[in-house]
1. Out of curiosity, is A:Leu88 outside any loop (DSSP other than H, G, I, E, B), over 25 Å from the mean Cα position of the chain (by Cα) and assigned by TED's automatic domain parsing to the domain that holds A:Leu267?
2. May I ask you to say which residue of A:Gly390, A:Gly457, A:Gly437 is free of Cβ contacts under 8 Å to residues at least 12 places away in the same chain and either more than 16 Å from the ligand (Cβ to nearest atom) or not polar (S, T, N, Q) (or both)?
3. So A:Ser60 ticks every box in (1) closer than 30 Å to A:Arg259 by Cβ; (2) at the interface with chain B (Cβ under 8 Å from one of its Cβ atoms) but one. Which box is left unticked?
4. Given (1) without any contact (Cβ under 8 Å) to a residue 24 or more places away in the chain; (2) under 22 Å from A:Tyr67 (Cα atoms), where does B:Ala50 come up short, assuming only one miss?
5. Quick one: in the range B:26-49, of everything that is at the interface with chain A (Cβ under 8 Å from one of its Cβ atoms) and assigned to a loop (DSSP other than H, G, I, E, B), which residue is nearest to B:Cys79 (Cα to Cα)?
6. Are any of the residues in the range A:80-91 open to solvent by less than 10 Å² (accessible area, probe 1.4 Å), among the aliphatic types (A, V, I, L, M), more than 16 Å from the ligand (Cβ to nearest atom) and in contact with a helix residue (DSSP H, G or I) (Cβ under 9 Å, 6 or more places away or on another chain)?
7. Do the conditions hold for A:Thr76, that is, is it in a helix (DSSP H, G or I), among the hydroxyl-bearing types (Ser, Thr, Tyr), more than 11 Å from chain B (Cβ to nearest Cβ) and surrounded by fewer than 20 Cβ atoms within 10 Å (Cβ to Cβ)?
8. Mind telling me which of the residues A:Leu325, A:Leu330 ends up being away from the ligand (no atom under 16 Å from the Cβ) and either more than 30 Å from A:Gly399 (Cα to Cα) or surrounded by 21 or more Cβ atoms within 10 Å (Cβ to Cβ) (or both)?
Amino acid sequence: MTARPRGTVFEKIWSSHVVTEGPGGHVLLYIDRHLLHEGSTHAWERMARNGSRMRRPDLSFATADHYVLTTPGTPTADAETRKMVESLTRHTTEQGVTFFGVGDDRRGIVHVIGPEQGLTLPGILLVCGDSHTATHGAFGCLAFGVGSTEVEHVMITQTLWQKKPKSLRVTVDGRLGFGVTAKDVILAIIATIGAAGGVGHVIEYAGTVIRAMTMDQRMTVCNMSIEAGARAGMVAPDETTFAYLEGRPFAPKGELWARALAYWKTLPSDLDATFDREVTLDGTEIAPTVTWGTSPQDALPITERVPDPARAADATRRESMERALAYMGLTAGIPLTEITVDRVFIGSCTNSRLDDLRAAAQVVKGKRAVVPAWVVPGSGLIKRAAEAEGLDRVFRDAGFEWREAGCSMCVGMNGETARGGERVASTSNRNFEGRQGQGARTHLVSPAMAAAAAVTGRLTDVRTLRG
Amino acid sequence: MRAFTRLAAVAAPIDLPNVDTDRIIPARFLRKPKNPEYGRFLFHDVRFNADGSEKPDFVLNRPAYRSAQVVVAAENFGCGSSREMAVWALEAFGIRAVIAPSLGDIFHQNCFKNGLLPVILPVAAAASLRGQLHEIPGASVVVDLEAQTVTAPDGAVHRFDVDPFRKRMLLTGQDEIALTLGHETEIGAFEARHAREMPWLVTD
Ligand code: SF4
């Protein structure tokens, strides 16, 4: 074997995937895993038109998540939506790609099932035509989203031309307080560095708070790296990572597991590795966090008030704050806990895993939802596992809708949207104008905070509900 | 891919920072085929009223900017979702270049793949350009890829950096897949070595 690369975990992975160097600092990188969903339709169609074949269909894996309905039972979709799923079924069959389709319990949100199936492994380079591909970086791999032309490029060549991004280490030390979760950590990070703070960078999350997190929680953090503008986010692999992966269907077994493990242990950033930028947060200071505006950076502790645009640093910021407050239908100065909600959504690749559902159920137990509230598990297997623990009963008894797996109201491509003017407490990742439906107003929160909002009908400090 | 060399055209200013790709093209249009109507999806929900009529205030609806082929934006334009359709919608409307102090990373890449030139200018230069475009609605800018310059309506010339690799591809309109397939020998050799070194990545 060649000499081990040194540096940060990102640099080690980068240099072990360089096929050849091109002009202007571009390198051709080899892709180990390519994940697909219905959104790849345009790429498949171009392939079909040109009569192209995939170079390595065995390294691609597909699922249907964005366009599948999540109505409990056997949903029937409209013709256009059904076409998206059917097209994926046909193309994957023709090219020989493994497909977790409707009716398969392994089907679910692409960023949930990759790790769940053991397809996501430390040290690999993984891409998907979706910006939340950064989620997989929680395993100490390099994972980033690409556009549909790049999807086609990977299908045909199993490679991509890339220029090396810069590195940013975000260290969260200390300990999280009661009621504070991974979602609050990443919202606090984005509020600190800004929605453009990570542009051109790969983030490595480090520090005692990150180390103490489960894999589900680390995925929540890495998932929203793109909301800070970053190309990717990652956490160096450790015993937590290895324990999660051992025995997963596509994870290596036996002798190969031992070899892989030995290699994975060499991946963490060397002590003398340097980053282009460093940011440090004190985890002890982080409170349950909510967004008030239309960018994920518009986040504040739940104990705060809606900010006043008059106090903005400059005219541009003032105008965009005014615009955000107008869209959100909020008045400056009111306490965040006085904002009433019309609907609650617990789901998405940010917060639909078992840890998330447990955290929400713990808050809900013995209470009643006073607004319509949905729980949409990230995969069929998570749904099963949650049912085995009785979580579905907790939600159903409290009047929540317990739905099938999919992206659902995170983006509403399948038609599951909030109505114009409706205010949603949502565990998803984007509070953009119109993201959850035309005119819909989104407040991003953790699963525990979403559950608290469901049972009180307003944004609520989950710490005041417990104990 | 369509080549990009030099363009003298009307430019439209967009002052809002963090314009996300959900705003550039809402999710419900992503399934639509790329047909001649595609340009209508661009900024749909902020450009049209519920009844389909135009919002007269929206910049691209104002007579002076309707023929714009350049957008001059603020920080972090094109952030969010990876949807390449955001670039398709801009292109279908007639936009050939996007100038901003920073762009979403994936959007930035997607521009190059569709013959659109993304130009990063310093915050002050982009702000000055937008200011002039507001003052003289319908004013033109010149974007010259070969020379790597943007000429403002007031005649000021702003130099910009562009990756030499992407520049060459854009100037010639070369297809990237064809270029990569020219490296078949290296890809094959890498693949064989990689499978030896990390055999656990081979699926069966
Ligand atoms: S859950 Fe939301 S963010 Fe995640 S892949 Fe689906 S649509 Fe995208």
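1. It is false that A:Leu88 is outside any loop (DSSP other than H, G, I, E, B), over 25 Å from the mean Cα position of the chain (by Cα) and assigned by TED's automatic domain parsing to the domain that holds A:Leu267.
2. That would be A:Gly390, the only listed residue that is free of Cβ contacts under 8 Å to residues at least 12 places away in the same chain and either more than 16 Å from the ligand (Cβ to nearest atom) or not polar (S, T, N, Q) (or both).
3. It fails just one condition, (2).
4. Here B:Ala50 meets the rest and fails (2).
5. So, considering only residues that are at the interface with chain A (Cβ under 8 Å from one of its Cβ atoms) and assigned to a loop (DSSP other than H, G, I, E, B), the one nearest to B:Cys79 (Cα to Cα) is B:Pro26.
6. Looking for residues that are open to solvent by less than 10 Å² (accessible area, probe 1.4 Å), among the aliphatic types (A, V, I, L, M), more than 16 Å from the ligand (Cβ to nearest atom) and in contact with a helix residue (DSSP H, G or I) (Cβ under 9 Å, 6 or more places away or on another chain), one finds none in the range A:80-91, hence no.
7. Answer is no for this residue.
8. Residue meeting the stated conditions: A:Leu325.
The values are calculated or read from the model by the stated rules, or taken from the named source; none is laboratory data. Here the structure is a predicted model, which means the values were calculated and not measured. Glycine also receives a Cβ, built like all others from the backbone with ideal geometry; neighbour counts cover every protein chain displayed. Surface areas here come from the heavy atoms of the whole protein model, side chains and all, with no ligands, DNA or RNA. Shrake-Rupley method; radii C 1.70, N 1.55, O 1.52, S 1.80 Å.
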